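The values are calculated or read from the model by the stated rules, or taken from the named source; none is laboratory data. Fair warning: this is a prediction, and the values are worked out from it, not measured in the lab. Here the Cβ positions follow ideal geometry from the backbone for every residue, glycine too, while neighbour counts run over all protein chains shown. Accessible surface areas use protein heavy atoms only, side chains included; no ligands, DNA or RNA. Shrake-Rupley method; radii C 1.70, N 1.55, O 1.52, S 1.80 Å.
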Amino acid sequence: MPHDHHHDHGHSHGHSHHGTASMGDGRLAWAVTVNLLLTVAQIAGGIVSGSLALVADAVHNLSDAAALGIALFARRVARRGADAGMTYGYRRAEIVAALINLTTLIVIGVYLAYEAVFRFFSPEPVAGWIVVIVAGVALAVDLVTAALTFAAAKHSLNIRAAFLHNVADALGSVVVIIAGALVIWRGWTWIDPAATLLIAGYILWHGLLEIRTCIRILMEAVPAGLDLASLQAAVTGVDGVVGSHHLHVWQLDERDPFFEAHVVIERADADRLEDIKRAVKAALRDRFGIAHSTLEFEFVGAHSDCAEIGMVVAH
């Protein structure tokens, strides 16, 4: 072997992205259309009835339409293959879209909470019957949209972010219907801002929960369920491997983990390098589901100052 280092970039790329492919773009486009139409109806109903909760529901429905539109655009971008400018391809476009949608969801939640608290101190009359009718129509549309996006939401963080917008909106519609009924029955106008606070709380809870996943992927954190110490033990446990350092494990999107490391072997095992490499890759694939691994091989003594994890020298 002429060199002390050997790189292998033999990645496996035969993936099945059934999650994003399982739902046609047409269904998303329909979901965007019905949510835009509903937004117009709800805003009109909210203005006429004086219901903040209904306007809140309308604003959230508009965000549903935007979320679904962004998700649809991101799915189309993500299908593009790798090129000279984007060597990893465009699959992370869906994570960026999810981050945008979840950020707007959180901003909406904070705004609605602020408006609801303000309304407690400045109560306004509410025409309950208009609220109930418009919110009933909204709930029907929300359920149709949820049905259109449910299947893909199971497998795609991008679609799930848009789906969460819609689920929160469906819940909001139910709360608005109850609030409108109580305004008609008991004359409780305070129930309208109280209902708005409930909607805002639900939005914030789900938005903050999901956005953590987006941030971890974009920050290239170790994927959930993978332990770096276990990965290193698996690599060093392969016959012929003396040690390893410069370990990195990250995700390109929410499905596929990537791994790279420097693997140390004895100079006497130079002729076994390909066998050792195959064994390391097999251990990563079979035990941890890592199909993408890049390994650099070096001989004992080639590098004395190396960090076990990452790129920073530990000494």
* What do you get for Rg/Rh over the stretch 251-303 if you use C-alpha atoms and the Kirkwood form of Rh? -> 1.05
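Take the solvent-accessible surface of the protein heavy atoms, probe 1.4 Å, and return the percent of it on the stretch 178-248 that carbon and sulfur atoms account for.
Numbers: 2310 of 3570 Å².
After summing per-atom areas, the C and S share lands at 65 percent.
How large is Rg/Rh for the stretch 81-159, to two decimals, with Cα atoms and a Kirkwood Rh? Present the calculation step by step, with values, prior to reporting the outcome.
On the way: Rg = 19.5 Å, Rh = 16.5 Å.
On the Cα set of the stretch 81-159, Rg over Rh gives 1.18.
Rolling a 1.4 Å sphere over the protein heavy atoms, what is the accessible area per residue of the stretch 42-154, to the nearest Å²? All intermediate terms of the calculation are to be shown ahead of the outcome.
Working: 5190 Å² over 113 residues.
The answer is 46 Å² per residue.
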* To do: Quick one: what are the phi-derived ³J(HN,Hα) couplings along the stretch 62-72, Karplus 6.51/-1.76/1.60 with θ = phi - 60°, whole Hz, x for glycine and proline?
  => 4, 5, 4, 4, 5, 4, 5, x, 5, 4, 5
* Asked: At q = 0.20 Å⁻¹, what is the log10 ratio I(q)/I(0) for the stretch 175-250, with the Debye formula run over Cα points and no solvent?
  -> -0.88
* When the Kirkwood hydrodynamic radius is evaluated over all pairs of different C-alpha atoms of the stretch 28-90, what value in angstrom, to one decimal, is obtained? -> 13.3
* To do: List every residue whose amide H lies under 5 Å from the amide H of Ser244, counting only residues 5 or more places away in sequence or on a different chain, with H placed 1.01 Å from N in the peptide plane.
  => Val264
* Structure fact -> Net charge near Arg255 (other residues with Cβ under 11 Å of its Cβ; Lys, Arg +1; Asp, Glu -1) is -3
* To do: Express in whole angstrom the spacing between the alpha-carbon centres of the stretch 71-104 and the stretch 129-189.
  => 28
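Normalized C-alpha radius of gyration of the stretch 139-288, against 2.2 N^0.38 Å? Walk me through the numbers before you get to the answer.
Working: Rg = 25.2 Å, N = 150, 2.2 N^0.38 = 14.8 Å.
Its radius of gyration relative to the 2.2 N^0.38 Å reference: 1.71.
Using a 1.4 angstrom probe on heavy atoms only, work out the carbon and sulfur share of the accessible area of the stretch 63-103 in %.
Working: 1280 of 1910 Å².
Reported share for carbon and sulfur atoms: 67 percent.
With every protein chain left in place, what is the accessible area per residue of the stretch 158-285 in square angstrom, probe 1.4 Å?
Counting only protein heavy atoms, the per-residue value for the stretch 158-285 is 43 Å².
Put Asp239, Asp83 in order of accessible area, largest first, 1.4 Å probe: what do you get?
Details: Asp239 115, Asp83 60 Å².
Ranking Asp239, Asp83 by accessible area, largest first, yields Asp239, Asp83.
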* Just the accessible area for Ser122, please: 1.4 Å probe, Å², rounded to the nearest 10? -> 50
* Mean shadow area of the stretch 34-179 over all directions, Cα convex hull, nm² -> 9.0
